[in-house]
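Chemist: Before I ask anything, let me first share the structure, which is written out below as structure tokens.
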Amino acid sequence: MCSLVRREAFQTMMAIPVEEWAGLVRAGEVRALSRAITAVENHEPAAEELLRRLFPFTGKAYLSGMTGAPGTGKSTLVDRLAAFYRKREERVGVIAVDPTSPYTGGAILGDRIRMQGHAGDADMFIRSMATRGFLGGLARTTAEVALLLDAAGKQQLIIETVGVGQDEIDIVRLADCVMVVMVPGLGDDIQNMKAGLMEIADIFVLNKSDREGADRLQQQLDAMLSLVMPRDGWHPLVVRTVASENRGIDVLAATIDKFREHFAARGERELKHVEYWKKRLVELLEARVLDKFLGGAAGDELLTQLAKEVAGRRMDPFTAVNQIVAKSPI
């Protein structure tokens with residue numbers, strides 16, 4: 001019954017003019033925003049036009065990314081940080097990315113369960129997303145969903161990544177500020193501090209810092225950070241929290257504000273956004289070209305046929321690609 005109601009509501013939203021739909025999203029209307037996100041995730045025909053109309057009204061939200069290994073308490077940290085921003089009367093959007101099962105295609109979207117305390121808050125919007133096999137810690141349409149939340153007037157956006165560890169490249173490109181969450185007692189502490197993690201973090205969050213080994217982990221972090229050259233005049237800071245007890249959240253928020261002010265003063269945020277959109281435009285171009293080459297049932301049939309030839313070693317992959325290019329309408 002509930003799924004039928006949701007489907008009817010979605011169809012109703014799709015039936016209204018895109019211009020009116022965009023207006024509802026800008027007004028922060030929850031159902032319109034939810035349906036817009038679903039349309040983007042499912043690549044509905046109206047999604048691109050909707051994003052095109054909303055794009056001029058984006059760029060105002062501050063986007064914080066939170067990553068780290070599973071079990072570090074990222075979801076609880078996001079929940080507490082969002083609550084802190086709401087106390088400051090800032091409108092908040094949360095995107096929580098969960099891994100997708102390689103067998104069923106589904107995902108356990110548990111972050112909404114952890115953040116149920118915000119369910120009745122109209123100025124707080126939480127969206128769980130499945131990666132659907134997309135690598136890099138985010139879902140394929142995370143950036144577009146962030147644009148929708150930005151257009152809907154959210155001032156603070158928090159993205160919690162899958163937490164795949166050392167391969168969190170996408171969040172570095174997308175977020176204004178990247179936080180790497182660590183906890184004592186996960187085994188080999190040095191193993192958790194690979195060069196990749198050291199390079200992507202603007203702020204290190206030492207969560208569950210009331211546990212044994214927290215002081216030793218901070219000493220290791222401080223020692224390693226002393227060897228890292230400041231990036232654009234910023235030296236990554238370490239903030240200790242106990243998210244489950246709401247301790248250190250105010251310090252974390254203040255540190256994010258400090259980082260934001262530092263980069264705004266130097267103009268680095270604008271430069272980072274230019275670099276991000278250079279890469280994003282290439283990605284969009286690649287997707288558009290790929291659709292031209294292999295779009296529709298005929299393209300899929302050709303790809304399957306050539307894949308069988310390559311898998312059976314009856315054709316090399318380079319010849320297969322050349323055949324695809326030769327058949328392209330471009």
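Chemist: Of the numbered conditions (1) surrounded by 22 or more Cβ atoms within 10 Å (Cβ to Cβ); (2) modelled with pLDDT of 95 or more, L63 fails exactly one; give the number of that condition.
Modeler: So the condition that L63 fails would be (1).
Chemist: In addition: Those residues that are farther than 22 Å from H43 by Cα and among the hydrophobic types (A, V, I, L, M, F, W, C), I need them from segment 303-323; list them, please.
Modeler: L306, A307, V310, A311, M315, F318, A320, V321
Chemist: Among the residues in segment 214-226, are any closer than 25 Å to S75 by Cα, within 21 Å of the chain's Cα centre (by Cα) and not aromatic (F, W, Y)?
Modeler: No, segment 214-226 contains no residue that is closer than 25 Å to S75 by Cα, within 21 Å of the chain's Cα centre (by Cα) and not aromatic (F, W, Y).
Chemist: For segment 153-245, please list each of the strands (runs of 3 or more DSSP E) lying entirely inside it that holds at least 1 residues being closer than 20 Å to Y276 by Cβ, assigned by TED's automatic domain parsing to the domain that holds R91 and at pLDDT 85 or above.
Modeler: By residue number, 156-160, 177-182, 203-206.
Chemist: Which of (1) in a helix (DSSP H, G or I); (2) surrounded by fewer than 12 Cβ atoms within 10 Å (Cβ to Cβ); (3) not assigned by TED's automatic domain parsing to the domain that holds L147; (4) not hydroxyl-bearing (S, T, Y) does F293 not meet, given it meets every other one?
Modeler: Just one mismatch for F293, condition (2).
The values are calculated or read from the model by the stated rules, or taken from the named source; none is laboratory data. As the structure is a prediction and not an experimental result, all values here were calculated from the model. Heads up, the Cβs are rebuilt from the backbone with ideal geometry, glycines too, and the neighbour counts pull from every protein chain shown.
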